[in-house]
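Here the structure comes first, spelled out in structure tokens, and everything after it is commentary.
The values are calculated or read from the model by the stated rules, or taken from the named source; none is laboratory data. Not measured: the values here are computed from a predicted model. So basically every Cβ, Gly included, is an ideal-geometry build from the backbone, and we count neighbours across all protein chains shown.
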Amino acid sequence: MIRDAPFVNSDLIHFKLFWSHVVVVNSAKVAKDLFEKRSNIYSDRERTVMVYELTGWHRNIAVMEYGDRWRMHRRNFHQYFRPDAIPNYHPRITVGVNRLLNSLLDTPESFSKHIRYMSGSTTLDIVYAIDPMPEHDPILEAAEEGVECLSEIVNAGSYLVDSVPILKYLPEWFPGAGFKRQAAHWKEKVDALHLRPFEVAKKNWDAGNAKPCITTTLLEGLDKAANKGEYEDMVINVSAMAFQAGTDTTVLSLTTFVLAMLMYPEVQVAARAELDRVVGQDRLPDMSDRDSCPYISAVAKEVLRWHPAVPLAVPHKTSTDDEYDGYFIPKGTIVIGNGWAILRDERRYAHPETFDPMRFLRADGTPDPTVPDPTEAFGFGRRICAGRHFAEHVLWLTVANVLAVFAVEEPLDAAGRSVKAREDYTTGMFSMPKDLKATFKPRSANAAKLIRSSLVEL
């Protein structure tokens, strides 16, 4: 796999994919030199047939070509997800987390479904002011299928048509043209992801009864827009990106958190000790506790580092010729930031294969500023995920609340034996544990009561 490329002991790897040059960046230093210091060269995206012509994902900021259109979208997205904007969403995030706790108390074996619903419903509320159905919500289902599509098509070489574009003219019934049938199915889901929630929010806005949300706030600028069609298209795209970005990374990271708690139960013990000391057992943690809980913050960081949700960043593309460290990198080269390799680099993190939150802390338990934060989990340079601050807040609050009231344990099989958790992950753009099973037991009767009361207080 490309993500394991550092085992050939090189910070840069080059290979040919048909007639395209591909460079894989395996070190933090080279990533900083190229993606940050030379961001004017290394910020473009490859214009592939599957993304741009067949599935409709060209509207996504993460894969949009670098230029004025991308800047306009990014600017409008960033204003709602910059660090000082995130506290505005804390009440809605808290509602989502409290609902998750109650769902885990009711049916702990369905934790994966509950995590997906919490993440999707919270973001859907913040972006569109929509409260989804508890089961089989069409918008949430469209989002899941759309993300599955993006995971399949975005990496270099995933589909032959991206290297041989003339294949796009094959009719769907032609042998070998199964990609077109799959793309047509995905396009329906991607269109639904972009249009269905927007139409609901806009209808409420037109009627004057919409709750405040990102979409309706953006729509307030429609009357002043010089090109109303272009502006509305931007609102659709930015809203869909906010919904999708705020959902998938959170689900993947929280599932990794569950696996880590099963494999490293001593981390739960240390985390609960900090929470009991700082928060006590008569209330749930909130974001005001964050600065006083460095170990919980370290757990959240280690979740991002240990198994990043996106091991390989979305490929960048060079916009001009360049030379680096004696190597010529021609215009149009696909450049992939290997976040997995960087976050598991022994030069930065000792024993990187081990889940160890203490790596981010000094011996006295305070944050260690000499240890780099795992920002590579969110990408690189100008194309780094603009929703990362939101994702970090959701992750922290969920981790803190789950550990405050639950013990995460291995379930028992029919014979009464523990079902051991395995560090086995899916491959693709997004990575998450396979077939993970766990159960959540309330720490005490008081913890269960606290969970129920949190729902009453919503």
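Points to keep in mind about this one:
- Any hit, segment 263-285, residues being touching a Gly at 6+ places or on another chain (Cβ under 6 Å) and hydrophobic (A, V, I, L, M, F, W, C): no
- When we screen Leu343, Leu397 for residues that are closer than 24 Å to Ala309 by Cβ, surrounded by 17 or more Cβ atoms within 10 Å (Cβ to Cβ) and out of contact with any Lys or Arg (no Cβ under 8 Å at 6 or more places or on another chain), the only hit is Leu397.
- Segment 184-199, residues that are aliphatic (A, V, I, L, M) and within 15 Å of Val51 (Cβ to Cβ): Ala184, Val190, Leu193
- Some residue of segment 286-297 being at pLDDT below 95 and more than 24 Å from Leu252 (Cα to Cα): no
- Taking first residues from segment 15-33 that are closer than 29 Å to Val161 by Cβ and crowded, with 16+ Cβ neighbours inside 10 Å and partners that are at pLDDT 90 or above and among the hydroxyl-bearing types (Ser, Thr, Tyr), the Cβ contacts under 6 Å between residues at least 6 apart in sequence or on separate chains come to His21/Thr333; Val23/Thr333.
- Within segment 289-331, if we keep just the residues that are free of Cβ contacts under 8 Å to residues at least 40 places away in the same chain and more than 24 Å from the chain's Cα centre (by Cα), the residue that is farthest from Gly381 (Cα to Cα) turns out to be Ser292.
- Counted residues, segment 134-149 - those being closer than 12 Å to Phe430 by Cβ and of a type in the set (A, V, I, L, M): 1
- Residue check, Tyr128 within 15 Å of Ala245 (Cα to Cα), among the hydroxyl-bearing types (Ser, Thr, Tyr) and within 18 Å of the chain's Cα centre (by Cα): no
- Where helices (runs of 4 or more DSSP H) fall entirely within segment 124-233, those with at least 2 residues that are at pLDDT 90 or above and in contact with a helix residue (DSSP H, G or I) (Cβ under 8 Å, 6 or more places away or on another chain) are at 178-207, 214-219.
- Options Ile86, Ile41: the member that is over 30 Å from Thr320 (Cα atoms) and either in contact with a Ser or Thr (Cβ under 7 Å, 6 or more places away or on another chain) or hydrophobic (A, V, I, L, M, F, W, C) (or both): Ile86
- Failed condition for Thr123, given (1) farther than 30 Å from Asn88 by Cβ; (2) in contact with a Ser or Thr (Cβ under 6 Å, 6 or more places away or on another chain): (1)
- Every condition in (1) modelled with pLDDT of 95 or more; (2) under 21 Å from the mean Cα position of the chain (by Cα) holds for Ala386 except the one numbered (1).
- Test result for Asp364, modelled with pLDDT of 95 or more, part of a loop (DSSP other than H, G, I, E, B), of a type in the set (Asp, Glu) and more than 22 Å from the chain's Cα centre (by Cα): yes
- From Phe406, Phe380, residue being within 25 Å of Val63 (Cβ to Cβ), crowded, with 22+ Cβ neighbours inside 10 Å and at pLDDT 95 or above: Phe380
- Some residue of segment 297-304 being among the hydroxyl-bearing types (Ser, Thr, Tyr) and part of a helix (DSSP H, G or I): yes
- Selection within segment 36-84 - of a type in the set (S, T, N, Q), out of contact with any strand residue (DSSP E or B) (no Cβ under 8 Å at 6 or more places or on another chain) and either crowded, with 19+ Cβ neighbours inside 10 Å or part of a loop (DSSP other than H, G, I, E, B) (or both): Ser39, Asn40, Thr48, Thr55, Asn60, Asn76
- Checked against (1) small (Gly, Ala, Ser); (2) out of contact with any Asp or Glu (no Cβ under 8 Å at 6 or more places or on another chain); (3) more than 26 Å from Thr255 (Cβ to Cβ), Ser103 passes all but a single condition, namely (3).
- When segment 421-458 is filtered for residues that are touching a residue at least 24 places away in the same chain (Cβ under 8 Å), of a type in the set (Ser, Thr, Tyr) and outside any helix (DSSP H, G or I), the ones remaining, listed by number, are Tyr425, Thr427, Ser431, Thr439, Ser444.
- For the residues Thr250, Thr255, the requirement of being hydroxyl-bearing (Ser, Thr, Tyr), under 23 Å from the mean Cα position of the chain (by Cα) and under 25 Å from Arg75 (Cα atoms) singles out Thr250.
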